[in-house]
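The values are calculated or read from the model by the stated rules, or taken from the named source; none is laboratory data. Here the structure is a predicted model, which means the values were calculated and not measured. Methodologically, a virtual Cβ is constructed for each residue, glycine included, from the backbone with ideal geometry; neighbour enumeration extends over all protein chains shown.
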């Protein structure tokens, strides 16, 4: 709730009459304003959302699992094979390639920009012959299931703006996140679980942790019932969900019923969507008391499934455990599942840390795809793996130092992969230049990618809007196009 709104709702009779003159003036001003400048009521907004019964297109993806690799995985080392640079280690990056593009403050005064080839060899994987690094053999094992986009690009060059751009469509915080838009537009498919769930993890070495802000899964200016519900890595998965000591479930139900009556009266008086959110969240929390323990308990998983996700699956809060929980949530028809894993910001430790990160994420991510596929869920579940940008082809620091060097941020051209949900399997799209620096063919901007994901969910990205402060906002802001070549 907005604290100012709460304060106004507790005004006394004396305060009310003291402000009457101001209230009359405001009412008069409101009558002169155009309706287009007024806020959209919750009812009007919900009616504009497509919902399941009024999809703009036939949906190929009923649900999304977004594996967000926070920090920026190196496309040069993992996904974008560039034989041109293999024998150019230490050579200066040509000015004709960089073309004056800006660098971060961490390397813009570096005296040299030496080319740094990939740390490990690449090899051809699957019948589709997709070239991937030997650092990610499990991803190589699902090469025939993934769609590898090698021409992603963004204007952002620092972590928070770049992640905010991918997740909310704007580099400036305050917009609804992608999962919140999906919840607002399509609603929930399971009344006992949230439509949008978030789980975070970090590398075992805790080498470099970007901050994960709440607005990465927030609802912005749309009703807060659409924001992501974060599952914690320790203790109760959701705070305050369990009944306090001495509070039996029947008494809890009775208390919520009486509280609901009071909140409904308040809602009828003020029409505040946050009161409606509070009512909905109390009821959802009550139902989750029964459904959540089943989700978070992996004791009934067959041993061969646990082995598929790797040994880290037994560690609560690990990326492997979260991937398994994501599969269980997908089985329960949770609409949008967002897994964020930090530690990819390898400015000075890429020779050691990149391999650790791959061991943390490669096997579980591939296992998730295989697990969904063997259960018949991959066809209508879209799995996404990627970061907020890539890394530079040049090395940061002294690349002749045995271990203490890395790569800087690079958003001009980088890679991500998707699987299931209607994307072409065993398919590569887009091409970078010989140095993996610039897009050479089939550019895919962040907004293009967002428009394409919404399209797979049955949503026209130009029509899913919310009116706020006199403007209709959408995830893709004012541009973006569906990349239909990615779709089956």
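If only residues of region 374-390 that are touching a residue at least 60 places away in the same chain (Cβ under 8 Å) and touching a helix residue (DSSP H, G or I) at 6+ places or on another chain (Cβ under 7 Å) are counted, the one that is surrounded by the fewest Cβ atoms within 10 Å (Cβ to Cβ) is 378. For region 212-229, residues that are in a loop (DSSP other than H, G, I, E, B) and farther than 20 Å from residue 318 by Cβ total 8.
Among the residues making up region 463-486, those that are outside any loop (DSSP other than H, G, I, E, B) and more than 19 Å from residue 417 (Cβ to Cβ) are 466, 467, 468, 471, 472, 473. Restricting region 344-353 to residues that are touching a strand residue (DSSP E or B) at 6+ places or on another chain (Cβ under 7 Å) and not in a helix (DSSP H, G or I) leaves a set whose member that is nearest to residue 384 (Cα to Cα) is 344.
Within region 230-261, can you find the residues that are touching a strand residue (DSSP E or B) at 6+ places or on another chain (Cβ under 6 Å) and either more than 19 Å from residue 70 (Cβ to Cβ) or free of Cβ contacts under 8 Å to residues at least 12 places away in the same chain (or both)?
Scanning region 230-261 gives a single hit, 237.
Has region 225-242 got at least one residue that is touching a helix residue (DSSP H, G or I) at 6+ places or on another chain (Cβ under 8 Å) and at positive phi? Yes, the conditions are met somewhere in region 225-242. Just one of the listed residues (170, 201) is touching a residue at least 60 places away in the same chain (Cβ under 8 Å) and either out of contact with any strand residue (DSSP E or B) (no Cβ under 6 Å at 6 or more places or on another chain) or farther than 21 Å from residue 345 by Cα (or both), namely 170.
Residue 409 meets each of the listed conditions (1) part of a strand (DSSP E or B); (2) touching a strand residue (DSSP E or B) at 6+ places or on another chain (Cβ under 6 Å); (3) closer than 21 Å to residue 69 by Cα apart from (2). In region 271-343, counting only helices (runs of 4 or more DSSP H) that sit wholly within it, the ones holding 2 or more residues that are in contact (Cβ under 8 Å) with a residue 40 or more places away in the chain, in contact with a strand residue (DSSP E or B) (Cβ under 6 Å, 6 or more places away or on another chain) and farther than 30 Å from residue 407 by Cα span 319-331. Given the criteria within 26 Å of the chain's Cα centre (by Cα), under 10 Å from residue 74 (Cα atoms) and touching a residue at least 12 places away in the same chain (Cβ under 8 Å), does residue 412 qualify? So residue 412 fails the test.
To keep it simple, each residue is scored yes or no on (1) surrounded by fewer than 15 Cβ atoms within 10 Å (Cβ to Cβ); (2) at pLDDT below 55; (3) within 30 Å of residue 410 (Cβ to Cβ).
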site: 40; (1), (2), (3): no, yes, no
site: 45; (1), (2), (3): no, no, no
site: 48; (1), (2), (3): no, no, no
site: 63; (1), (2), (3): no, no, no
site: 74; (1), (2), (3): no, no, yes
site: 85; (1), (2), (3): no, no, yes
site: 101; (1), (2), (3): yes, no, yes
site: 109; (1), (2), (3): yes, no, yes
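Residue 393: touching a helix residue (DSSP H, G or I) at 6+ places or on another chain (Cβ under 8 Å), modelled with pLDDT of 95 or more, assigned to a strand (DSSP E or B) and crowded, with 20+ Cβ neighbours inside 10 Å, yes or no?
Against the criterion (touching a helix residue (DSSP H, G or I) at 6+ places or on another chain (Cβ under 8 Å), modelled with pLDDT of 95 or more, assigned to a strand (DSSP E or B) and crowded, with 20+ Cβ neighbours inside 10 Å), residue 393 qualifies.
As an exercise: evaluate residue 402 against (1) modelled with pLDDT of 95 or more; (2) touching a helix residue (DSSP H, G or I) at 6+ places or on another chain (Cβ under 8 Å); (3) on the phi < 0 side of the Ramachandran plot and give the number of the one condition it does not meet. Going through the list (1) modelled with pLDDT of 95 or more; (2) touching a helix residue (DSSP H, G or I) at 6+ places or on another chain (Cβ under 8 Å); (3) on the phi < 0 side of the Ramachandran plot, residue 402 breaks only (1). Among the residues of region 192-201, is any surrounded by 24 or more Cβ atoms within 10 Å (Cβ to Cβ), in a loop (DSSP other than H, G, I, E, B) and in contact with a helix residue (DSSP H, G or I) (Cβ under 9 Å, 6 or more places away or on another chain)? Scanning region 192-201, I find at least one residue that is surrounded by 24 or more Cβ atoms within 10 Å (Cβ to Cβ), in a loop (DSSP other than H, G, I, E, B) and in contact with a helix residue (DSSP H, G or I) (Cβ under 9 Å, 6 or more places away or on another chain), so the answer is yes.
Determine, yes or no, whether residue 223 is in contact (Cβ under 8 Å) with a residue 40 or more places away in the chain and closer than 17 Å to residue 326 by Cβ. No; evaluated as a whole, the condition is false for this residue.
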